[in-house]
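Shown next, in C-alpha cells, is the structure this report addresses.
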Amino acid sequence: MKIIEVKDVSLGYNGKAVVEGLSFDVEEKDFWTIVGPNGTGKTTLIKAILGLIKPIKGKILVFGCPVQKVCRHRKMIGYVPQMEKFDPNFPARVMDVVLTGSYNKLGAFKMPGKKERERALELLRWLGMEELADHPIGKLSGGQQRKALLARALFAEPRALILDEPTSGVDIVSQEKLIELIEKVYREKGLPVLFVTHNVNPILHLITNAVLLGFGKHAAGSREILFDRKILREIYGKEIEIVSQEGRKYIITGDYHHA
Amino acid sequence: MPEILKLGIIQRALFASLLVGLILPLSGSFAVVRKSAFLGAGVAHIAFSGVAFGLMISSPPILWAFIFSVLASVLIWHGGKSKRMDYDLSIGILFSLAMALGILFLGISKKYGSEALGYLFGNILTTTKGDIYTLAVLLLLLLIFYLAFYKELFFMSFNEELAEASGINVSVFSLLLLLSMTLSVVASLKAVGALLVFGLLVMPAAAAYQLTYDFKKMITLSLLFGLISSIGGIAISIFIDVPSGATIVLLAFAIFLLSFLFSRKKGG
C-alpha cells in the first residue's frame, strides 16, 4: 500500500524552485532517508508532505488524499520537527508535551484524562524516560527532548513517521541511543519512516530507500543510489568517498555548504 | 460593612477592578508565553487614538477605540502571517502612528479635558453599571473561548509548526488570540487607562511565569495575582486617595518583583 506519493513535485519559495520534478512513493515498512547538502530543500520537502507549504507544481498524496485538502489522513503522520532547543523556562512538562499527541482525538472543552495519561506514561516507559514525565521540557538535553517529541508523535498511533534531522545538535552517545529507539519504533511498530539527515552513516543499516537532494539535481530510489559514485558526484558536486570497514560501508561527505 | 463600601460608586469600582483583574491576566498569560506581550502595549495605544478620534467627532470613544484596535490587530496579524514583517516591527510602527494620530485628533478637537485624560490614565471610580455588564459578558466569553480551545492555544504556544502539522489552524487561532487580547484591552481602558493597561495585562502573567512549569497553574496564579493587584490597588487608592490605575500597576509590579526574586527559574 502506498502511504505517501510524491508525483512530479517542484518546491521552493516565492516561485523560485529549489527542487524540480521529484517523484517517489513511500510504502509500508519502507525506511526512507532524505539526504543532501544544506539548502537543497530537505525540510521544504517534509513541510510539503505535511501540507505546511504548497508545491509549485505536482501533487503529494498521503494515504491517497491530496495533502492540501483537509483530510484525516494528514493527522495519521507522526512528525518530529527539526528544532533548536526549547525555551528552558517554557511552562510545559514532558507529560504535557506528550499529551498534545492526544489532542486530535479530543473535542472542544475536553482535556486529556486518566486514560490518556496512562498511555503517555506507557510510551515514556517504552522509550525509557518515564521518570522524566514531570520534568520541564525546556530543561532536558537535546536528545531527551527529541525522545519526548517521539513519544508525542507515537501517542496518536500514526501510520507513518517523519523525522527531520532528529539527531542534529545531539551528542554522540545520545545520538546512538536515539537511533536505537528509532530502530525499535521502525521494527516493533512496523511504521514506514522518512528520516531527514546530513549524515546517513548511523542509519545505513536501516535505510531501504533514499532521496538525494542537490542544487537543482535529485535522485530517488532504492538504497543502492547512496553508493553510486556518479549520482553522489552530481548531488554533491564533488567526489564522495565510500569507505568499507568491518563489512560496513560509510559515505564520507564531510560538511558541505553551498557557496 | 464599612460605610464606604455601601457607596454605589465604590461598589462599582470594586466590581470593575475584580473583572479587569481577571480579564487582563487571562489574556496576558497567552501573550507572555507566546512572547508577544508588546502587542498589548501597542493595542492599548492604538485604542487610545480611537478614543481621541471618538472625542474629536463627538462619537462614543470606546466604539472607536474598538474599531481602531481591531483594524490594527488584523493588520498586525496579516503582516505576521505573510511573513513580510515581524510582529514587533509592525506593532512599533502602528504604536507610533497611533500616538501621533491620537495627539493630532486631540489637538484638532481641542479636547485635552478630563475625559481624554481619563482614558489615558484610567479612572475606575467613573465606572458605570453598563461598563460592569460589558466587562462581565467579556469575561464570560473569554472563559468560554479559552476553555473550549485551551488545547489548541497551548499547543501552538509551545510550537506553532508542530501544531500546524497536527492539523490545527494556527493562523486562525493566532487571529482569535489577538482579537481576544484586543477586546480585553479596550474593555479595560476606562478602568485602568491606556498607559497602564499593559501593566495589568503582562505583570501578573509574568510573575506567574516565574513560579511554575505548569501552564494551567501559571494561568491560575496569574488570575490570583491580577485579583490581588486590582482589588488591593483599588482599596489602597480609596483609603489613601491616590490614582487607582497607578496603584493597581504598582502592586502588580511588587508581586512580579517578589516572584522574580524567589523564582527558581534561571536563564539558559
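Just so you know, all these numbers are worked out from the coordinates, no wet-lab data involved. What you see is a predicted model; the values in this text were computed from it and never measured. Using ideal geometry, Cβ is built from the backbone for each residue, glycine included, and neighbour counts are taken over all protein chains shown.
At a glance:
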| quantity | calculated |
| --- | --- |
| Estimated dipole of chain A in Debye, rounded to 20 [Cβ of Lys and Arg +1, of Asp and Glu -1, Cα centre] | 920 |
| Order of A:LEU99, A:LEU124 - criterion: other Cβ atoms within 10 Å of each residue's Cβ, fewest first | A:LEU124, A:LEU99 |
| Neighbour-count ranking [beta-carbon atoms within 10 angstrom, fewest first] of A:TRP126, B:TRP77 | A:TRP126, B:TRP77 |
| Where GluC sites (Glu not before Pro) fall in DSSP loop in region A:12-89, at most 14 other Cβ within 10 Å | A:GLU28, A:GLU84 |
| Per-pair calculated FRET efficiency, R0 = 30 Å: B:ILE67 and B:ASP241 via Cβ, rounded to 0.05 | 0.25 |
| Cα Rg, Dmax (largest Cα-Cα span) when computed across region A:120-184, Å | 11.3, 30 |
| Cα-based Rg and Dmax for the protein assembly as shown, where Dmax is the largest Cα-Cα distance (Å) | 27.3, 92 |
| Relative contact order (%) - criterion: Cα under 8 Å, at least six apart; region: chain B | 30 |
| At most 14 other Cβ within 10 Å, DSSP loop - trypsin sites (Lys or Arg not before Pro), region B:54-121 | B:LYS83, B:ARG84, B:LYS110 |
| A:ASP8 versus B:LEU257: modelled label distance in nm, points set 7 Å from Cα along the beta carbon direction | 7.0 |
| Span-rule helices in chain A, defined as complete DSSP H runs reaching 27 Å or more along the axis (Cα) with Kyte mean at least -1.0 | none |
| Farthest toward positive dipole pole in the protein assembly as shown [+1 Lys/Arg, -1 Asp/Glu at C-beta], among A:GLY78, A:PHE227, B:LEU177 | B:LEU177 |
| Listed residue pairs exceeding 20 Å between alpha carbons, taken from A:LYS2/A:LYS189; A:LYS85/B:LYS81; A:LYS75/A:LYS105; A:LYS85/A:LYS115; A:LYS16/A:LYS217 | A:LYS85/B:LYS81; A:LYS85/A:LYS115 |
| Dipole moment magnitude, nearest 20 debye, the protein assembly as shown about Cα centre, only Lys, Arg, Asp, Glu C-beta charged | 720 |
| Computed over region A:2-252, the ratio Rg/Rh where both radii use C-alpha atoms and Rh is Kirkwood | 0.97 |
| Lysines with Cα under 21 Å of A:LYS184, excluding same-chain neighbours fewer than 8 positions away | A:LYS29, A:LYS147 |
| Reachable lysines, given that their alpha-carbon falls under 30 Å from the alpha-carbon of B:LYS190 and they are not under 8 places away in the same chain | B:LYS6, B:LYS35, B:LYS110, B:LYS111, B:LYS129, B:LYS216, B:LYS217 |
| Assigned charges on the beta-carbon of Lys, Arg, Asp, Glu; region B:128-268 dipole about Cα centre (debye) | 340 |
| Span per principal axis, largest first, for the Cα atoms of chain B (Å) | 55, 45, 32 |
| Chain B: DSSP helices with Cα axial extent of at least 20 Å and average Kyte-Doolittle hydropathy no lower than 0.0 | B:8-33, B:38-56, B:61-81, B:87-109, B:129-148, B:170-192, B:197-211, B:215-240, B:244-262 |
